[in-house]
Amino acid sequence: MKQLAWFFKWMLKAAIFFTLFAFALNNQHDATVRFFFGQQWTGPLVLVVLSAFALGLVIGVLGMVPRWWSHRRSAALARRTTTEVTVSAEKPSTMPPPSQPPYGI
């Protein structure tokens with residue numbers, strides 16, 4: 001069963017790869033991207049689409065970073081406060097240790 005799942009996983013990866021490869025082969029026409037002030041860039045359409053996708057990923061990750069830092073900071077603070085609470089809650093015992101181990105161990 002594990003080998004069958006592994007096979008289907010690789011077949012799905014191969015199908016995605018060949019679909020994207022066919023997309024790249026079918027979109028080799030030149031595309032022009034016009035920027036501000038008369039600047040322009042001409043390149044294959046597949047590179048334009050890939051560049052737009054990569055730029056979107058970078059902008060998304062950069063937009064996520066401040067919240068990620070905030071969550072890490074609050075998690076570290078919560079971890080630190082729970083550690084301090086558990087350390088302060090532990091008091092030394094005034095009872096002598098038992099002569100027999102608990103539960104007959």
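The table below gives the values:
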| quantity | calculated |
| --- | --- |
| Residue check, R67 modelled with pLDDT of 90 or more, part of a helix (DSSP H, G or I), basic (K, R) and under 25 Å from the mean Cα position of the chain (by Cα) | yes |
| Residues that are of a type in the set (F, W, Y) and within 32 Å of the chain's Cα centre (by Cα), drawn from the stretch 14-40 | F17, F18, F21, F23, F35 |
| Subset of the stretch 35-55 (residues that are among the aromatic types (F, W, Y) and surrounded by 13 or more Cβ atoms within 10 Å (Cβ to Cβ)) | none |
| Residues satisfying the stated conditions in the stretch 5-64, i.e. at pLDDT below 90, of a type in the set (V, I, T) and in a helix (DSSP H, G or I) | V46, V48, V49 |
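The values are calculated or read from the model by the stated rules, or taken from the named source; none is laboratory data. Source: prediction; values computed, not measured. Methodologically, a virtual Cβ is constructed for each residue, glycine included, from the backbone with ideal geometry; neighbour enumeration extends over all protein chains shown.
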